[in-house]
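Remarks on the structure that follows.
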Amino acid sequence: MTNKIGFYCDDKEINENTETIAVEKPEVKARKSLVSIRFEKNNRVLSYYNDKFDLHKGDIVFVDGKLEGERGFVEEVNYNFKIKLSDYKKVVVLADTTVKGRFFFAGDYFISFDKSVIPYEKVITWLKPPVVDEEEIVVSNEDEEGFLLEKDISELKVPYNVKEKGIDYYLDGRVIYLSVDGDTGKAIVDGTNIYEIEFTYKNGEVSNFICDCYCNYACKHIVAVIMQLKNILKNIEENYKEEYRDYFSAVTSYELFKVTRSYNKKGSITFN
Ligand SMILES: [Zn+2]
């Protein structure tokens, strides 16, 4: 199937010939507001004070206080209020949810072969706030055996229960995002937390997996990523061989629509 989808979330025309499709959000002046934010994890709506951004309904934000690190969707913005500042926690991060470019269908995923459309650095901001004052992290991935993707997952050397859980994660569509840029693969998995995974993909083989769940063995997140990668590469091989050079990124259609539906934006979708 070679259906194509145009997905524009901006009121400006796209000029496909330019290389500057990834336009940064223009610097907008902050507008003080009291905002109702819905947190998807517990589906609670709470009020926060904002003096850093010009917020709109549908924006993805992160706050300080008890719900630090949980993503929230702005439900309502109020500009007229009188509050005691000490009564309120604040909005500290606004995610960049502008998406412009061309996507290709791949099951429950949308694929892009253009690096500027859904780069990892942008998609991760939809899911977790930037880390500040991170502890010293030691990364080592020596001596790891690779796994040929053409092999059956049953041949992957991980404990049975880890494999089973990983396959469940894969089937549940928990691999929200996956990209391969040259030899470098990256993925985002929605588990107990949002986990970031890096790996090497070369000559049909994956290796050097690092997952930031801090497991000291191959975890279920890695199993899920291997399954999803197999699946997407198969789809690309069957449908979009000419489009794939040395880069693709894929995001679940569910996540893409959830994030880009921001109520304040103009947008259109074209099926042809
Ligand atoms: Zn993990």
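Computed extension length for V28-S207: 60.2 nm, one decimal, from 0.36 nm per residue of separation with the Cα-Cα distance subtracted. Taking the centroid of alpha carbons for each part, the range 226-266 and the range 52-101 are 28 Å apart. The packing ranking of peptides 35-46, 173-184, highest mean first, is 173-184, 35-46, where packing means the average number of other beta carbon atoms within 10 angstrom of each residue. Please enumerate, by chain and number, the lysines with C-alpha under 18 Å from the C-alpha of K163, excluding those fewer than 8 residues away in the same chain. Within the straight-line limit of under 18 Å, K163 reaches these lysines: K151, K220, K230. Solvent-accessible surface of the range 144-272, taken per residue with a 1.4 Å probe and all protein chains present: 53 Å². Between S154 and D181, the contour length at 0.36 nm per residue exceeds the alpha carbon distance by 7.0 nm. Within 10 Å of each candidate Cβ there may be at most 10 other Cβ atoms; applying that plus a DSSP loop requirement, which GluC sites (Glu not before Pro) in the range 67-139 survive? Qualifying residues, ordered by number: E134, E135, E136.
Rounded to the nearest 20, the Cβ-based charge dipole of the range 33-94 about its Cα centre (Lys and Arg +1, Asp and Glu -1) stands at 160 debye.
Counting protein heavy atoms only, the range 33-94 has 43 percent of its accessible area on carbon and sulfur, 1.4 angstrom probe.
Extent of the range 33-94 along its three principal axes (Cα atoms, max minus min coordinate, largest first): 29, 22, 18 Å.
Calculated accessible area for the range 33-94 comes out at 55 Å² per residue, all protein chains present (probe 1.4 Å; ligands, DNA, RNA ignored). Here each label is just a point 7 Å from Cα along the line to Cβ, and for K89 and K266 those points are 3.7 nm apart.
For the pair K234 and S116, what calculated FRET efficiency results from E = 1/(1 + (r/R0)^6), where r is the Cβ-Cβ distance and R0 = 22 Å, to the nearest 0.05? The calculated FRET efficiency here is 0.30. Taking the charge dipole of the range 44-175 about its Cα centre, with +1 at Lys and Arg Cβ atoms and -1 at Asp and Glu Cβ atoms, the residue from I60, Y79, P119 reaching farthest to the positive side is Y79. The listed peptides 161-167, 219-225, 101-107, ordered by packing as a protection proxy, come out as 219-225, 101-107, 161-167 (highest mean of other Cβ atoms within 10 Å first).
The values are calculated or read from the model by the stated rules, or taken from the named source; none is laboratory data. Predicted model only: the values in this text are computed from it and were never measured. We place every Cβ from the backbone using ideal geometry, glycine too, and count neighbours over all the protein chains shown. For accessibility, only protein heavy atoms count, side chains too; no ligands or nucleic acids. Shrake-Rupley method; radii C 1.70, N 1.55, O 1.52, S 1.80 Å.
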